[in-house]
1. Which count do you get for residues in the stretch 240-295 that are part of a loop (DSSP other than H, G, I, E, B) and of a type in the set (Gly, Ala, Ser)?
2. What are the pairs, 6+ residues apart or on separate chains, where a residue within the stretch 124-135 that is under 13 Å from THR90 (Cβ atoms) has its Cβ under 8 Å from a residue that is in a strand (DSSP E or B) and of a type in the set (D, E, K, R)?
3. Quick one: which residue in ALA337, ALA325, ALA359, ALA318 is touching a helix residue (DSSP H, G or I) at 6+ places or on another chain (Cβ under 7 Å) and either at pLDDT 95 or above or on the phi < 0 side of the Ramachandran plot (or both)?
4. Please find, among LEU306, LEU238, LEU231, LEU285, the residue that is surrounded by 24 or more Cβ atoms within 10 Å (Cβ to Cβ) and either without any contact (Cβ under 8 Å) to a residue 40 or more places away in the chain or acidic (Asp, Glu) (or both).
5. So, in the stretch 143-162, how many residues would count as being closer than 21 Å to HIS345 by Cα and either out of contact with any Lys or Arg (no Cβ under 9 Å at 6 or more places or on another chain) or not aliphatic (A, V, I, L, M) (or both)?
6. Taking into account only those residues within the stretch 310-344 that are part of a loop (DSSP other than H, G, I, E, B) and either over 23 Å from THR135 (Cβ atoms) or not assigned by TED's automatic domain parsing to the domain that holds THR292 (or both), which is farthest from the chain's Cα centre (by Cα)?
7. Restricting to the stretch 104-136, what's the tally of residues that are part of a helix (DSSP H, G or I) and surrounded by 14 or more Cβ atoms within 10 Å (Cβ to Cβ)?
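The values are calculated or read from the model by the stated rules, or taken from the named source; none is laboratory data. Remember, it's a predicted structure, so these values are computed and weren't measured experimentally. Backbone-built Cβ (ideal geometry, glycine too); neighbour counts: all protein chains shown.
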Amino acid sequence: MKILHTEASRGWGGQEIRILTEAAGMIARGHAVELACPPEARIFAEAPRYGVPAHALPIGRKSLAGLLAMRRFLRAHTYDVINSHSSTDTWLAALSSLGWSAPPLVRTRHISAPVPDNRATRWLYCRASAHVVTTGEALRAQLIRDNGLPSAQVTSVPTGIDPERFPPTDATKRRARRMELGLPLDGPIVGIVATLRSWKGHRYLMEALVALPDPATRLVIVGEGPQRDALEAQAAALGLNDRVVFAGNRDDVTPWLQSFDVFALPSYANEGVPQALLQAMFTSLSAVTTNTGAIPEIAIDGKTALVVPRKDVAALAAALGRLLADPALAEHLGRAARERVLARHSLSIMLERMESVFAQVAGNRAPR
């Protein structure tokens with residue numbers, strides 16, 4: 001098949017990484033896959049590193065210029081299916097396809113934020129989109145329940161991880177990784193890998209760090225984003241400058257995950273099945289998280305992780321303290337987490353399921 005991904009977002013996080021990882025995986029399976037995105041978007045700059053051909057289009061916002069550019073592009077190129085990822089590019093692709101036998105549109109929904117229930121959105125999801133993919137079962141159920149989408153038109157395909165990139169870790173490897181990365185060796189490390197957005201809950205994690213009994217415990221934050229200045233200011237206000245490491249964006253997060261004692265993701269909104277939490281679980285790292293979005297598909301309290309209420313600093317601190325004080329529990333949860341994600345969330349499973357969706361809609365191609 002010949003597949004076009006569209007992405008209007010200029011940001012960089014799990015969504016954009018999934019698009020490129022999936023595209024590269026489909027190319028390896030023999031498909032022709034391309035990307036259309038704004039020239040200023042980070043995903044456009046990163047695409048060559050993944051071996052994904054990218055086309056620069058002015059689709060960063062909903063505009064007549066973007067609509068006309070998208071329509072000209074689609075009419076000048078031949079694809080079997082279009083896979084859109086954000087609201088803006090989905091609307092532009094759908095409207096550009098009116099009045100001619102355009103390729104079928106698959107809309108991937110990456111986050112759990114509510115979808116407006118109005119006539120225009122129902123047209124977009126039920127009529128303009130041949131199929132909707134969500135990154136978790138909870139998101140699928142939400143669209144069926146709240147927006148009236150037919151269940152047969154929505155498929156949950158969580159992000160898949162390559163197990164070979166995230167091998168399990170142990171105490172010896174943890175120490176070696178810290179030496180490589182220049183991290184302290186004299187105390188435990190709680191780590192988070194996430195774009196610095198408000199709903200990822202970094203600020204609650206910072207407050208929980210203050211409440212931990214061991215003053216040598218440090219927090220390592222991997223990622224960049226719009227909350228960087230606010231979080232640095234919070235660290236200074238809490239007197240944590242010596243205990244919080246802002247590592248920035250990292251192309252390879254595996255060494256960082258393997259340097260942590262415990263992984264934390266206290267998100268309170270907008271989650272499917274988060275890539276970083278999956279990656280941490282593949283490395284057999286114990287985790288503390290919440291029940292946001294589709295996180296419960298992998299984080300089962302007391303079995304594969306410790307799950308705490310959203311925005312609850314005391315509960316977050318207690319769970320982190322429990323894992324740091326009980327290495328046997330942490331090891332047990334990490335092992336169980338790895339077993340669960342290996343069975344359900346590998347890269348090959350994601351590619352097989354997306355390939356099936358694309359083949360289905362391409363086979364049912366019809367004018368819209």
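1. Qualifying residue count for the region: 8.
2. Here the result reads LEU124/ARG107; TYR125/ARG107; SER129/ARG107; HIS131/ARG107; VAL132/ARG107; VAL132/ARG109; VAL133/ARG107; VAL133/ARG109, each pair linking the stretch 124-135 to a residue that is in a strand (DSSP E or B) and of a type in the set (D, E, K, R).
3. That would be ALA337, the only listed residue that is touching a helix residue (DSSP H, G or I) at 6+ places or on another chain (Cβ under 7 Å) and either at pLDDT 95 or above or on the phi < 0 side of the Ramachandran plot (or both).
4. Selected residue: LEU306, the only one of LEU306, LEU238, LEU231, LEU285 that is surrounded by 24 or more Cβ atoms within 10 Å (Cβ to Cβ) and either without any contact (Cβ under 8 Å) to a residue 40 or more places away in the chain or acidic (Asp, Glu) (or both).
5. Result for the stretch 143-162: 7.
6. Of everything passing the filter in the stretch 310-344, ASP326 is farthest from the chain's Cα centre (by Cα).
7. Result for the stretch 104-136: 6.
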